[in-house]
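Q: Supplied in C-alpha cells, the structure appears directly below.
The values are calculated or read from the model by the stated rules, or taken from the named source; none is laboratory data. Values in this document were obtained by computation on a predicted structure and should not be read as measured data. All Cβ positions, glycine included, derive from the backbone under ideal geometry; neighbour counts span all protein chains shown.
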Amino acid sequence: MYIRDAFLDIIENAIRNAFDGTVVIGRKEIDYSVLFPAGEHADISSSVAFRIAKIVKDNPKNVADKIIESVKPINPIVKMSNLNGYINAQLDEKEYCRMVIDEIEKKKGKYGNLNLGNLKKVVIEFPSVNPNKPWHIGHLRCALLGDSISNVMEHCNYKVERMDYIDDLGLQMAEILLAIGNKKIEKKYDLFLGEEYVRINTEIREGHLESKVSDILKKMEETETEENRRVREIAERCVHAQYETAFDYGIYHDSLVFETDVVREGLFNTAMDLLKKEGMASIRTDGNYKGCLVLGSKETEEGEGKVLIRSTGVPTYIGKDIAFHMWKLGILEKKFRFNEFIKQPNGKIAYSSSQNGREMDFGGSDLAINIIGSAQQLNQKLLSDSFEILGNGRKSIVHLAYGEVNLKEGSLSGRSGGWMGSGANYTADDLLRETTTRIIDVSRKNKKLEEGKINSTSKKVAVGAIRFEYLRIDPLKKVIFEWSRALDLESNSGPYCMYMHARATSIIEKAGYTESLKVDDYKQMTRGYDFELIKLLGNAEEIVRKACVELRPNVIAEYLIDISSAFSRFYENMPVLTGGDAMRLRLAIVIASKQVINNMLGLLGIETVEKM
RNA sequence: GGGCAUGUAGCACAACUUGGAUAGUGUACCUGGCUUCGGACCAGGUGGUUGCGGGUUCAAAUCCCGUCAUGCCCGCCA
C-alpha cells in the first residue's frame, strides 16, 4: 500500500502548491485516478489532470505540467513526467526492491494483512446444507467461498465466527425418517441418506405416501416425541459424515446451530413476541392468511407479507430464520446453549447448539454475512430489510448471492437425484477422489516424489486444484460443471501456483539456505523480469483489501496467477544459482516470492507443498 | 406481469463498484525451446463490432436510457 500512499502524498501536495489551494479535489478522487499501466509509460500513474483541467478550464497537458513542476519526488519515486496529460512516475528499481523485500522479510506470514475490521465481529454462515445428503459440487462452492472469505476477513483484522445452520426439521427430514426405517447402512452415512432420499421421492411421486409423511412431520415438530429425538440423531450423524468431506477440503467451523434448538429453546417464541411488540408482525383475522402470524404491520394489504407462524401453530422456515438472525445479531436476550460437537483436524473444536450445553460467546455480532445461493434472494432481502428496522441501522445482514452450480444436463437437485452420476457422482467426495487419481498419475510421471509421499502430496495438490478452480470465478457468476475442466492442471490453475512455490523451495534449498538471507547490495537489480515481479509482490495489500471489501476471493486467485507467471519468467530468464554477483539478490527475490505465493494461497485455503 | 443476476476471441475467465493510454490471462490452434536452478515450464503467432440501439463525455467494456437473450425468485415448501 505504501507505494500508492507515497504517490498520493506527492500528487496531493503538488496540486496544492500548483494551484495555491484554489483547486479543491479530495484525496479519494485522486486515489481513484491512480493506475498501474501495463506498458513502458510508467510504474505508477494518475489521470487526475483531466479532472482538474475541467475545473480550471485549461487543457490537461498544461495542468499536468503545472503539477509536475511543483512536485518534490520522495524515494522510491524518482522521476515524474507528463505524457498527453497523464502524470507518470518512475520508481527507483533498486530502492523499491529493497523496500518490498524488507517488508516481506519483516512480516513474513502476515505480509498482505491489513486492518480494515478493527476486530469487529462478523458471523459468516455457510454452507448450511440439509442433513439428508452428501455435499455435492454446488454445496462445495458455497463452503469454499465461505471458508475463503472468512480467511480474508480474518487477515483484515475482523473477528470471524464461521457458522453452519442445520435444518433438521421440515419436510425433507420427515421423508428421510420414512425412507430409512431400520435399514442396514453399508456406506458413508450422508451418501446412504442421499440415495434413500432420492428413492423415497420417486415412491412418493408414484404412490400414496403423502399421508404417512405428514403424520411423521406432525410428530416430528412436537418436542419429546420419538420422531423428534430420532430426527436430531440422524441429522447429527449426517453432519459428522459431511464434515469428513469438509475436513478433506480443509473447511472448518466454530459453531453449528440446529433448527430444533431454535424452536425448543423458546427462542422462537421470544423472537415472535418482540416482532409483535415492535409492530412488525401481526396475527391476521381474515383473508387467506387468517389465523397466521404474518410479517408486516397491521396496515399491510391483504395477501401481502410473509407467514411466520401457520394457522396450525407450526412455524415456517422464514419465521425460524428471522428468529435465528435475531439471536445472531444480538437482538434477543435469550441465548442458545452449546456443547462440543466435533474436534476438527485443525485442532479447533466446533460447538453445536444443544439442549444441555452451556452459554458461550457465539452470535451477537453487528454484521452477518450469509453465503447463500441466489435462489434465496427474496428471503434474504426480507431478512436484511427487517433488520435495518430492528437493529436501528446498526445491524446489517449481507447476502452473498453466489451463482449456483449446474450440469449441462440440468440441476443438481437433491430430491430428484441430479447429483448422481453414471460413473462417479457429482459429490464433493467423488470430485476429490477423481482429481487425486489424476494428479497421482502426473506425479508418478514426474518422478520427483518418493513413492511413499505421492498419495498424501497428491491429495493436497488435488484440494489446491479444486479450491482454485472454484475460487477463481466471480461468486456472482453461475457455473456449469464439467469434468474435463475440473481436471485441467495447466497454467491458470492451483497446481501451477503450487508448482511455482515448489520450484522456489527447491532453488532456495539448492543454494543452501533454509531461512532468509540478508541482502545489502541491490546494484544488480534491473528493470527487467526481476522488477516486474517485485512490482507485483508490492501490491499484496491492495489486492487483499479489494478481495475483502468486495467479498471476492477471485481477486486473489487472479493475483496469484500474475505473481506465479512473473516468478516463472523471472527464474527462466535470470539464473539464480549461477547468477554470479546477482546471486544473493535474486535468491532474496525467490525467497520473497515464495512467501507471498504461500500467503496468498493460504487465503484461498490452499496448503503449499515443498515438492510435487 | 414484477424483481434480482448474468451476457467480453471457438471454450473458460479478468478488467465494470471509482470512465483513462494498445480490452488482459489461460485453453484450443500454428511455430520454436530440455547436456541448463524441476517441462505441472518458457518464448513467439493467429483469433475481439465487449449481446444490440441510442445518450452523456476530451475519453465508454465501465455511467444513463431503451432493447434482446439466458438463469433464478415471486407458496400457510424449505
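Quick grid of which residues meet (1) crowded, with 17+ Cβ neighbours inside 10 Å; (2) over 29 Å from A:N346 (Cα atoms); (3) among the basic types (K, R); (4) in contact with a Pro (Cβ under 7 Å, 6 or more places away or on another chain):
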{"residue": "A:L140", "(1), (2), (3), (4)": "yes, no, no, no"}
{"residue": "A:L145", "(1), (2), (3), (4)": "yes, no, no, yes"}
{"residue": "A:S148", "(1), (2), (3), (4)": "yes, no, no, yes"}
{"residue": "A:E154", "(1), (2), (3), (4)": "yes, no, no, no"}
{"residue": "A:N157", "(1), (2), (3), (4)": "no, no, no, no"}
{"residue": "A:D167", "(1), (2), (3), (4)": "yes, no, no, no"}
{"residue": "A:G170", "(1), (2), (3), (4)": "yes, yes, no, no"}
{"residue": "A:M173", "(1), (2), (3), (4)": "yes, yes, no, no"}
{"residue": "A:Y197", "(1), (2), (3), (4)": "yes, yes, no, no"}
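Q: Same structure again: Among the residues that make up the stretch A:60-81, is at least one of them within 12 Å of RNA strand B (Cβ to nearest atom), in a strand (DSSP E or B) and out of contact with any Ser or Thr (no Cβ under 7 Å at 6 or more places or on another chain)?
A: yes
Q: Separate question: On the given criteria, is A:M612 part of a helix (DSSP H, G or I) and not charged (D, E, K, R)?
A: When the stated conditions are applied, A:M612 does not pass them.
Q: Could we say that A:R394 is charged (D, E, K, R), out of contact with any Cys (no Cβ under 8 Å at 6 or more places or on another chain) and under 30 Å from A:G330 (Cβ atoms) here?
A: yes
Q: Continuing with this model, one more query. Please determine, by comparing only the residues of the stretch A:537-553 that are in contact (Cβ under 8 Å) with a residue 40 or more places away in the chain and among the basic types (K, R), which one is surrounded by the most Cβ atoms within 10 Å (Cβ to Cβ).
A: For the stretch A:537-553, the residue satisfying everything is A:R552.
Q: Also, I was wondering about something else. Give me the pairs, please: first residue somewhere in the stretch A:50-63 and aromatic (F, W, Y), second residue anywhere and part of a helix (DSSP H, G or I) and crowded, with 17+ Cβ neighbours inside 10 Å, beta-carbon distance under 6 Å, and either six or more positions apart or on two chains.
A: Listed pairs, sorted by first residue: A:F50/A:P60.
Q: Can you find a residue that is near RNA strand B (Cβ under 7 Å from one of its atoms) and either in a helix (DSSP H, G or I) or surrounded by 17 or more Cβ atoms within 10 Å (Cβ to Cβ) (or both) anywhere in the stretch A:514-524?
A: First, pick out the residues of the stretch A:514-524 that are near RNA strand B (Cβ under 7 Å from one of its atoms): none.
Within the stretch A:514-524 (the criterion being near RNA strand B (Cβ under 7 Å from one of its atoms) and either in a helix (DSSP H, G or I) or surrounded by 17 or more Cβ atoms within 10 Å (Cβ to Cβ) (or both)), the answer is no, since none of the residues qualifies.
Q: May I ask you to say which residue of A:A14, A:A53 is outside the structural domain of A:Y529 (by TED's automatic domain parsing), more than 13 Å from RNA strand B (Cβ to nearest atom), assigned to a helix (DSSP H, G or I) and touching a helix residue (DSSP H, G or I) at 6+ places or on another chain (Cβ under 7 Å)?
A: It is A:A14.
Q: Quick check: is even one residue across the stretch A:454-471 near RNA strand B (Cβ under 8 Å from one of its atoms), hydrophobic (A, V, I, L, M, F, W, C), crowded, with 19+ Cβ neighbours inside 10 Å and under 28 Å from A:I369 (Cβ atoms)?
A: Looking through the stretch A:454-471, at least one residue is near RNA strand B (Cβ under 8 Å from one of its atoms), hydrophobic (A, V, I, L, M, F, W, C), crowded, with 19+ Cβ neighbours inside 10 Å and under 28 Å from A:I369 (Cβ atoms).
So that you can scan it fast, the table gives a plain yes or no per residue for (1) in contact (Cβ under 8 Å) with a residue 12 or more places away in the chain; (2) surrounded by fewer than 17 Cβ atoms within 10 Å (Cβ to Cβ):
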| site | (1), (2) |
| --- | --- |
| A:S374 | yes, yes |
| A:T427 | yes, no |
| A:T436 | yes, no |
| A:D441 | no, yes |
| A:K447 | no, yes |
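Q: Considering only residues that are surrounded by fewer than 19 Cβ atoms within 10 Å (Cβ to Cβ), in contact (Cβ under 8 Å) with a residue 12 or more places away in the chain and not charged (D, E, K, R), look in the stretch A:214-227 and name the one that is farthest from A:G266 (Cα to Cα). Break it down into steps so the answer makes sense when it comes.
A: Residues of the stretch A:214-227 that are surrounded by fewer than 19 Cβ atoms within 10 Å (Cβ to Cβ), as a first pass: A:214-215, A:218-219, A:222-227.
Those left that are additionally in contact (Cβ under 8 Å) with a residue 12 or more places away in the chain: A:214, A:223, A:227.
Retained after the next criterion (residues that are not charged (D, E, K, R)): A:214, A:223.
Details: A:S214: 24, A:T223: 12 Å.
Looking at the filtered set, the residue picked out is A:S214.
Q: In addition: Pick out the one residue from A:I534, A:I508, A:I556, A:I561 that is within 12 Å of RNA strand B (Cβ to nearest atom), over 22 Å from A:T435 (Cβ atoms), touching a residue at least 60 places away in the same chain (Cβ under 8 Å) and part of a helix (DSSP H, G or I).
A: Answer to the selection: A:I508.
Q: Can you give me the number of residues within the stretch A:110-129 that are touching a Ser or Thr at 6+ places or on another chain (Cβ under 9 Å) and basic (K, R)?
A: Within the stretch A:110-129, residues that are touching a Ser or Thr at 6+ places or on another chain (Cβ under 9 Å) and basic (K, R) number 2.
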